[in-house]
Amino acid sequence: MAEHPTHSDHAGHASAVPGAGVDEIAEANKAHFDATAKSEISPKWIEMAQRCGAAIRANYAFDEDTTVLMDFACNIGLTSRELAPYTKTVVGVDISQGAVDAFNEAAENQGLAPDEMRAVCAELKGADGELDGLKFDVITCALSYHHFADIAGITRTLAFFLKPGGALLVVDIVKPASHGDAPLFDEKYSHVVPHTHGMTKDGVQAAFEGAGLNEFAFKPITPISMHGMDAVMFIAKGVKPSA
Ligand SMILES: C[S@@+](CC[C@H](N)C(=O)[O-])C[C@H]1O[C@@H](n2cnc3c(N)ncnc32)[C@H](O)[C@@H]1O
């Protein structure tokens, strides 16, 4: 059943879209990214993915022989591709079938086998048996948290899929202190972007800690121009306790 959040709070539970609930926003994202999957490869998005990939690699010691990575909300795989050379296996997960098809087509064209790089279309719940019981050394999520109505719930789900000692790394946009009430994202995206003002450190930290992740770290990374605005990105990291 859909929830009906009102405004983004520190725990990150809520949406800034009046009347729009978690399920409606997920459905709107699915439709939006199904429709845009074929047009997402632009120099601007490739550059953003390169920045995300570099920040993630600077904050996690990948091992190309052993690291099993989930790239959550992978879209067509631009950031996944930045990380793939440093991993044993990349599994992209997204709710958009169009994006997943484009991801898998590109991986196949690169000559990568599914056990090296593949994507699956799923709306993960964090239940036994999902993804064939696979658990991950590291889970990344690049420039997607602002698309989730319930970041606390999504973070709990992602923590479920980590191995003990595994790390969650999230890259997104910081809510600027100086921006007042003006949203960062254009009104026309509000059906797919519940966090129109960006994310706060407190909100992300509450979501990570609520999911049982330790060693929380939150660092600013290079500013970017996104949808015509100057935005500061952050990378957040949390670690699942060892057994
Ligand atoms: C801006 S794109 C992600 C870009 C991608 N991470 C990259 O680095 O190139 C946002 C993605 O979030 C996905 N998404 C939105 N809500 C989701 C959900 N509840 N579960 C999984 N994926 C979701 C969308 O389908 C879309 O592909």
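Here are the numbers for the structure shown:
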{"quantity": "Residue match in the range 45-52 (condition: over 22 Å from residue 217 (Cα atoms) and among the small types (Gly, Ala, Ser))", "calculated": "no"}
{"quantity": "Residue satisfying all of: in the range 91-137; part of a helix (DSSP H, G or I) and away from the ligand (no atom under 16 Å from the Cβ); farthest from residue 167 (Cα to Cα) among these", "calculated": "109"}
{"quantity": "All positions within the range 138-159 that are outside any helix (DSSP H, G or I), within 14 Å of the ligand (Cβ to nearest atom) and not acidic (Asp, Glu)", "calculated": "139, 140, 141, 142, 143, 144, 148, 149"}
{"quantity": "Which numbered condition residue 215 misses (of (1) at positive phi; (2) more than 16 Å from the ligand (Cβ to nearest atom); (3) modelled with pLDDT under 95)", "calculated": "(3)"}
{"quantity": "All positions within the range 143-182 that are polar (S, T, N, Q) and in contact (Cβ under 8 Å) with a residue 12 or more places away in the chain", "calculated": "144, 155, 157"}
{"quantity": "In the range 31-47, the residues that are over 16 Å from residue 143 (Cβ atoms) and among the small types (Gly, Ala, Ser)", "calculated": "31, 35, 39"}
{"quantity": "Pairs with Cβ under 6 Å, 6+ apart, first in the range 91-113 and within 19 Å of residue 39 (Cα to Cα), second among the basic types (Lys, Arg) and at pLDDT below 95", "calculated": "95/30; 96/30"}
{"quantity": "Residue list for the range 160-201, filter: closer than 19 Å to residue 92 by Cβ, outside any loop (DSSP other than H, G, I, E, B) and within 15 Å of the ligand (Cβ to nearest atom)", "calculated": "160, 168, 169, 170, 171, 172"}
{"quantity": "Cross-chain or 6+ apart pairs with Cβ under 6 Å, the range 21-37 first and more than 13 Å from residue 149 (Cα to Cα), then more than 9 Å from the ligand (Cβ to nearest atom) and assigned to a helix (DSSP H, G or I)", "calculated": "37/102"}
{"quantity": "Filter result (under 14 Å from the mean Cα position of the chain (by Cα), more than 24 Å from residue 58 (Cβ to Cβ) and hydrophobic (A, V, I, L, M, F, W, C)) within the range 149-184", "calculated": "149, 152"}
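The values are calculated or read from the model by the stated rules, or taken from the named source; none is laboratory data. A quick note: this is a predicted structure, and the numbers were derived from the prediction, not measured. Because the Cβ atoms are built from the backbone with ideal geometry, glycine has one as well, and the counts that use them run over all protein chains shown.
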